Structure formats: C-alpha cells, structure tokens
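Below is one structure; the comments refer to it alone.
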Amino acid sequence: MSSETSATFSNELRQGLYEAIFRRRDVREFLPTPVPDETLARILVAAHHAPSVGFTQPWDFVIIRDLERRRRVKAVFEEERAKNAAQFTGARRELFLSLKLEGIIEAPLNLIVTCTPERFGPAVLGRVSIREVSVYSACLAVENLWLAARAEGLGVGWVSILRNEALHELFAIPPEVVPIAYLCVGYAREFPAEPVLESAGWLSRLPPRSLLHFESWTAGASDPGLLRRIEDRDTWREIFGGRK
Ligand SMILES: Cc1cc2nc3c(=O)[nH]c(=O)nc-3n(C[C@H](O)[C@H](O)[C@H](O)COP(=O)(O)O)c2cc1C
C-alpha cells in the first residue's frame with residue numbers, strides 16, 4: 001500500500017489551495033475560447049477524486065457542447081426565472097430581474113453532474129442512517145471540479161433555476177439518476193473579488209462569528225482567541241500576501 005511521506009504541504013502548495021478556494025467565483029460571463037480536452041480531462045478527474053459515502057462514487061457527468069440542446073435549457077431557465085421573480089416584490093424583484101444568473105449559451109461547455117443514489121446499493125456502507133449522503137457526495141464532486149477549474153483559469157457557473165424533469169427529458173437521464181448540478185464552464189471574462197450577489201447588494205457574507213457555536217448551539221460559550229484569529233486580517237495576509 002502506498003502512503004504519502006510528507007503530511008504537510010509546502011507553503012507554496014498550501015497557498016495555491018487557499019487561493020483556489022478564496023478566488024473561486026460563480027461565473028456567468030464567458031469568453032468563447034474552447035476548453036481544451038486536456039484541461040477538461042483534469043477537472044473531470046479532480047471531480048472524480050471527491051470523497052463519497054462508502055466509496056460509491058455516485059456521480060456521472062454529461063458533457064454538453066451542442067448549441068440546440070443548450071438553447072432548450074435556456075428556454076427552461078427563462079420559464080423558471082419568471083417563476084422565481086414572482087416570489088419577490090418591488091425593488092427586490094427589479095434587482096432580481098437585473099441579475100445575470102446563467103451563461104448557458106455563452107459558455108462553450110455545459111456539464112451536468114448527477115447522482116445515482118443506489119449505485120452499489122441497496123446496502124451501502126455509511127448510508128443506512130442518513131439517506132441523503134449520496135447527494136452530499138455528488139455535491140463534493142462539484143466543488144472539486146469548481147476549484148480545479150479555478151486553478152485552470154476556467155469559470156464555472158451553477159444554474160439551479162431549472163426543472164430536473166426537463167433535464168431528464170432533454171438529456172435522456174434515467175429516472176433513478178438525480179441531476180445535481182447544471183454547470184456552465186469556460187474561460188471567465190473576469191473573476192470578481194467578491195460574489196456578484198454581494199456587489200449587486202443582494203446579500204452579504206455573514207460574519208464568521210455569527211456562525212460559530214461552542215459546545216452546543218445554545219451554550220453561549222465563546223473562544224475569544226479563536227475568534228480573534230479568524231477575524232485577524234494579518235493571519236490571512238501571511239498566506240495571501242495582503243490580498244485577502
Ligand atoms: C446549489 C447552488 C445553486 C446555485 N444556483 C445559481 C443560479 O441558478 N444562478 C446563479 O447565477 N448562481 C447560482 N449559484 C451561485 C451562487 O449564487 C454563488 O455561489 C453565491 O452567490 C456566492 O458567490 P461565489 O460562488 O462567487 O462565491 C448557485 C450556487 C449553488 C451552490
């Protein structure tokens with residue numbers, strides 16, 4: 001059995017990983033430049049190396065370049081966008097409608113990541129008590145792909161303003177397979193420093209201290225030393241050379 005000899009990454013490797021995490025963005029504006037096969041191969045293999053419950057690897061990937069099929073997905077998006085808009089009123093609805101929330105046609109490549117919950121089932125190590133863990137595993141494949149794409153200079157945009165039944169029909173996805181993520185992939189026009197929804201004034205990143213609970217959700221304990229480190233920009237500057 002092989003094993004890693006060095007448990008700790010060099011500073012450069014560590015920095016690379018954090019850069020990918022913090023500089024990843026949901027991208028909706030793409031250049032028409034095609035994605036080379038060798039790059040696509042790398043991000044797909046990165047996705048396939050995600051953790052999965054019982055090592056079931058429940059994902060599949062549908063690779064979509066055909067413009068006609070993408071036009072049909074875009075039409076579904078437009079219908080669902082109208083339904084989404086209807087849940088907001090006034091200025092909030094106007095803001096929602098002003099946001100660009102997909103790059104289905106502009107991106108040279110679209111991908112669907114799916115989940116087959118029953119793969120290697122019905123007896124799956126680790127899936128008896130919490131049934132949703134197969135879906136969680138497929139989401140981790142998406143995140144791996146998203147981060148690898150960022151390191152390659154590729155933007156990824158997740159489009160959830162769609163109907164899964166339409167994806168089943170348009171792409172002949174079997175009924176037992178769940179579409180998890182519809183992704184637009186291509187070279188990004190830019191990677192904004194902050195989420196587009198934040199710069200557009202939709203929502204802001206929550207302060208980490210509001211999300212931390214010590215010992216129990218309600219115990220009310222605290223850990224000022226940890227909180228100080230989380231909020232201390234110098235801690236991050238060590239890694240990001242001042243950029244964060
Ligand atoms: C499950 C999921 C569904 C999403 N669906 C959409 C979508 O339909 N359209 C869109 O523009 N962005 C979508 N996003 C992207 C989020 O808006 C984005 O991740 C969030 O605003 C934070 O921005 P960032 O990814 O650039 O950090 C989705 C993200 C996730 C994780």
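Nothing in this text is a laboratory measurement; each read-out follows from the coordinates by a stated rule. This structure is a prediction, so every number in the text was calculated from the model and none was measured. Using ideal geometry, Cβ is built from the backbone for each residue, glycine included, and neighbour counts are taken over all protein chains shown.
Computed quantities for the displayed model
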{"read-out": "Least to most buried among THR89, THR39, THR235 (fewest other Cβ within 10 Å first)", "value": "THR89, THR235, THR39"}
{"read-out": "Cα gyration tensor shape of the stretch 118-168, rounded if a/c is under 1.5, else prolate or oblate by comparing a/b with b/c", "value": "oblate"}
{"read-out": "Filtered GluC sites (Glu not before Pro), the stretch 104-176: DSSP coil and at most 12 other beta carbons within 10 Å", "value": "GLU132, GLU176"}
{"read-out": "Descending semi-axes in Å of the stretch 25-205, equivalent ellipsoid built from Cα gyration tensor", "value": "27, 20, 17"}
{"read-out": "Hull shadow area, averaged, the stretch 29-124 [alpha-carbon convex hull, nm²]", "value": "8.7"}
{"read-out": "Estimated inter-spin distance, ALA91 and LEU197, nm [label 7 Å along Cα→Cβ]", "value": "2.0"}
{"read-out": "Per DSSP, loop chymotrypsin sites (Phe, Trp or Tyr not before Pro) in the stretch 3-102 with at most 14 further Cβ within 10 Å", "value": "PHE9, PHE88"}
